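Encoded as structure tokens, the structure appears first; notes follow it.
The values are calculated or read from the model by the stated rules, or taken from the named source; none is laboratory data. A quick note: this is a predicted structure, and the numbers were derived from the prediction, not measured. Don't worry about glycine lacking a Cβ; one is built from the backbone with ideal geometry, like all the others, and counts go over all protein chains shown. We work out accessible area using only protein heavy atoms, side chains counted, and drop any ligands, DNA or RNA first. Shrake-Rupley method; radii C 1.70, N 1.55, O 1.52, S 1.80 Å.
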Amino acid sequence: MQVLVIDVGGSHVKLMHSGGPEVRKFDSGDGFTPQQVVAGVKQHTADWTYDAVAIGIPSPVIRGAVFEEPWNLGAGWVGFDWSAALGAPVKVINDAAMQALGSYEGGRMLFLGLGSGLGTALVDEGNLVSLELAHLPFRDKTFEDLLGQRGLKELGEQEWRAVVLEGAELLRAAVAAEYVVLGGGNVRLIKDLSAPFRRGHNDKAFDGGFRAWNDKPKGLSPHEGLSPHEGLSPHEGWSPLENLAALAPRQHLRDLFAADPGRADRFSLKVGEHLFVDYSKNLITTDVMTALAGLARKTGVEALRDRMLAGEPINNTEGRAVLHVALRNRSGRPMLVDGHDVMPGVLAALEHIRRFSEAVRSGSWTGYTGLRITDVVNIGIGGSDLGPAMVTQALVPYGREGPRVHFVSNVDGTHLAETLRSLHPATTLFTIASKTFTTQETMANARSARDWFLARAKDEKAIPKHFVAISTNDAEVRQFGIAPDNMFVFWDWVGGRYSLWSSIGLPIALAVGYGRFEQLLDGAHLMDEHFRTAPIQQNVPITLGLLGVWYASVLGAESHAVLPYEQYLHRLPAFLQQLDMESNGKRVDREGRVVAGQTAAVVWGEPGTNGQHAFFQLLHQGTRLISTDFLAGIRSHTEIGDHHRLLLANCIAQTEALMKGKTEAEVRTELEAQGYKGEALERLVPHKVFPGNRPSTTILYDKLGPRTIGMLLAMYEHKVFTMGAIWQINSFDQWGVELGKQLAATVVKDLDSAGAVSEHDSSTARLIALVKDGRRQSSA
């Protein structure tokens, strides 16, 4: 349903349409009448279509009708038939109540509109009540006299601000509100607010108007003329995303391209000299992207970004800052956590990586027999494995002069055994990556690697020459036998899946050299600066994040495919699975309230052209909407014959095929040219039709190298951040991985116990019994 919202004020009438974020306005003022409102609305919305209207009027409203003429406008408002005048159903709301409805965030909220007068409204668990508190006595005058425009002029800004907070606290106590939202035009003069006060925005009046029609408010008061529904809370049945669905283009993508020769230029962006993003083949229009940009502003993406970069603890469930950008900060600017500049520590950690990696690669660091290190085995899991493993694979062309680097993550003993099978203890170095040095899978593998090494070395004094730790737990590292000088640190403000830029990246430096590790950081920093400074609609990570929200939450796509046409990036989809789904696979917001819609999509993928011969059938002719990213390098490290030209041709052709499809008429023409006719033709036609209209984003870079990898990974990190900010979720904790770990500890004990187990459901108990029986029989 398309809704027109009319916000009538003392100096202007403002208009917004659910078809987009554009605000139009015209003058009002003393003597302004409803007939003039209607004339102005019709003049300024001639190109808008709408099914319903919500109008906010600065006057008391009962049962959907004005019952007192506005003091700052003209006459004729009482009894005016808005529906007849506008030719559509109309809900009339007091202007303060409409802004209150748009500002509501759950609980019991008092709204105070600080404008020419003082508008007041209360929302309690979805029940909206328009109040008339402005004329109550306060300091020998009234609340409106002192908190409105007259008080501002009489008192001056500084004293007026103090009086506003004093009066607001009295009114909050009087109505027993949990918090107060201060809105209206003059709220801009109040700079700093603390609990229980929150800042409102005038554009929330439009949200309130949309909610009046699109929401299902719980037990909404009849004083506003709205029908009783259910679920007003934005986290219980309402989402600003709902209004965006109506913007989805009804034209096929091939028609959008045909009608707009400039579409590709309009919907493409560039970062630096060599990273190009074409998102024109997505199911979007200019109105869609404008509306999504408005959504980013309304949900505070930029504000949360700035708080992250300022070192504030935006990981609110763990009380931690989120400052992985400090790890690749190449600007020389301080970066603060709790008022402390972390950059000296970051630079010291990088220097530790440099010294050690250069010693190993040069041969000055040797094993216990004096032989140089030929192989490095990184033992970690999750972010301690996926990031460095993916980057090391991506930079294979740069690693031919260093030691061979292997990665072990799975607690399945086969992973470790097969990795060690061709290695020699005297020339093998182990990097044990675990922040706590207690991660179950990692420490099981580390202890087994230690046993493998000691079976040949025979002397625990040799361990420091072959084992180093990437951890924060000094005591556990020492107990393992690793020298304190060989413990590489990182910090609790670095999340695991964001940690490859830290000491967790030590295997990368060992593989390709510290200089190239620095280039990786340089590329990430370039993207960080772009993310920090570029406006929303020119900002690549934010744009990709908006597209992610558009598909997952508005259009209902349940998965997103990442398709690198670059064999060196074959581990990128696995890395992005953790980055995206562990970050944004959340069901509650930052305040613990259940979110209204879908959050993270399922991320998956495979390198092209392998995927073309596996799952592209589903992409082209399946029934599911799946958004896709295609990545390709214009130049290759491996120019063998015609290979790279064929690879790029396939990449570009697949995006065109997904977009254009093949119509029934085109299929018929093609089959007739091949000699098909009659029943044979008719039988085959449906199977050869491609619907097209399948979305894709193409990301091109010049040639895959350390800087390019840094840019790409930072781009995806900030994309994930943007989506989480819009969904209002905490993207930086991962409580969802804990329960299985806890239960696994119990099951381990049960598998070792002699008797039957009873503390599980029947299925789990039966599975434990089957395993115990099978293992007992095999050992008999």
message: Show me the GluC sites (Glu not before Pro) within region 620-691 that DSSP assigns to loop and that have at most 12 other Cβ atoms within 10 Å of their Cβ.
response: E639
query: Taking amide H positions as placed 1.01 Å from N in the peptide plane, with prolines and chain starts having none, which residues 5 or more places from G9, or on another chain, fall under 5 Å of its amide H?
result: K14
message: I need the phi-derived Karplus couplings for region 6-14: 6.51 cos²θ - 1.76 cosθ + 1.60, θ = phi - 60°, integer Hz, Gly and Pro marked x.
response: 10, 10, 8, x, x, 10, 9, 10, 10
task: Subtracting the Cα-Cα distance from 0.36 nm times the residue separation, let me have the gained length for V588 to L155 in nm, one decimal.
output: 151.5 nm
- line: Around G79 (Cβ within 12 Å, Cβ-to-Cβ, excluding G79; K/R +1, D/E -1) the net charge comes to -3
- prompt: What full-extension length gain, to one decimal in nm, is calculated for D255 and K461 as 0.36 nm per residue of separation minus the Cα-Cα distance?
  reply: 67.0 nm
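Divide by every residue of the chain the summed helix terms, -39500 (n - 2.57) for each DSSP H run of at least 4, and state the resulting mean residue ellipticity at 222 nm, rounded to the nearest 500 deg cm²/dmol.
Only helices count here, giving -12000 deg cm²/dmol.
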message: How charged is the neighbourhood of A310? Take every other residue with its Cβ under 15 Å from the Cβ of A310, and add Lys/Arg as +1 and Asp/Glu as -1.
response: -1
message: Taking all protein chains in place and a 1.4 Å probe, what share, in percent, of the accessible surface of the chain do carbon and sulfur account for?
response: 51 percent
query: Mean separation of Cα pairs under 8 Å and 6+ residues apart, divided by the residue count of the chain: what relative contact order is that in percent?
result: 11 percent
- prompt: What's the FRET efficiency of E318 with R421 using the Cβ-Cβ distance as r and R₀ = 60 Å, to the nearest 0.05?
  reply: 0.90
task: Report the FRET efficiency, 1/(1 + (r/R0)^6), for T764 and R307, where r is their Cβ-Cβ distance and R0 is 56 Å, rounded to 0.05.
output: 0.85
- prompt: Counting other Cβ atoms within 10 Å of each Cβ, which GluC sites (Glu not before Pro) in region 399-451 have at most 11 and sit in a DSSP loop?
  reply: E401
message: I want to make sure I understand the PRE zone here: with the label point 7 angstrom from the Cα of R400 toward its beta carbon, which residues in region 348-374 have backbone N atoms less than 20 Å away?
response: 361-363, 374
task: Skip the ligands, DNA and RNA, and give the accessible area per residue of the chain with a 1.4 Å probe, whole Å².
output: 43 Å²
query: Of all trypsin sites (Lys or Arg not before Pro) in region 244-344, which ones are in loop regions per DSSP and have a Cβ with at most 12 other Cβ atoms within 10 Å?
result: R250
task: Provide Rg and Dmax in Å for the chain, with only Cα atoms included in the calculation.
output: 31.3, 99
Pairwise label distance in nanometres, E672 with Q537, each label 7 Å out on the Cα-Cβ vector: 4.5 nm
- request: List the residues whose amide H sits under 5 Å from the amide H of K91, counting only those 5 or more places along or on another chain, with H placed 1.01 Å from N in the peptide plane.
  value: V53, A54, I55
The chain: antiparallel DSSP beta bridges as a percent of all, rounded to 5: 45 percent
query: Quick one: Karplus J couplings for region 113-121, per residue in order, coefficients 6.51, -1.76, 1.60, θ = phi - 60°, nearest Hz, x for Gly and Pro?
result: x, 8, x, 4, x, 9, x, 9, 7
task: Answer rounded, prolate or oblate for region 667-780, using the Cα gyration tensor with square roots of eigenvalues a ≥ b ≥ c: rounded when a/c is under 1.5, else prolate when a/b is larger than b/c, else oblate.
output: oblate
- line: Under the 7 Å Cα-to-Cβ spin-label approximation, A195 and E351 lie apart by a distance in nanometres of 4.2 nm
field: Out-of-range pairs (alpha-carbon distance over 24 Å; input K586/K772; K435/K703; K270/K662; K153/K191; K461/K749; K586/K741)
entry: K586/K772; K435/K703; K270/K662; K461/K749
query: If r is the Cβ-Cβ distance from S364 to D287 and R0 is 51 Å, what FRET efficiency results, to the nearest 0.05?
result: 0.25
Pairwise label distance in nanometres, E639 with Q617, each label 7 Å out on the Cα-Cβ vector: 3.8 nm
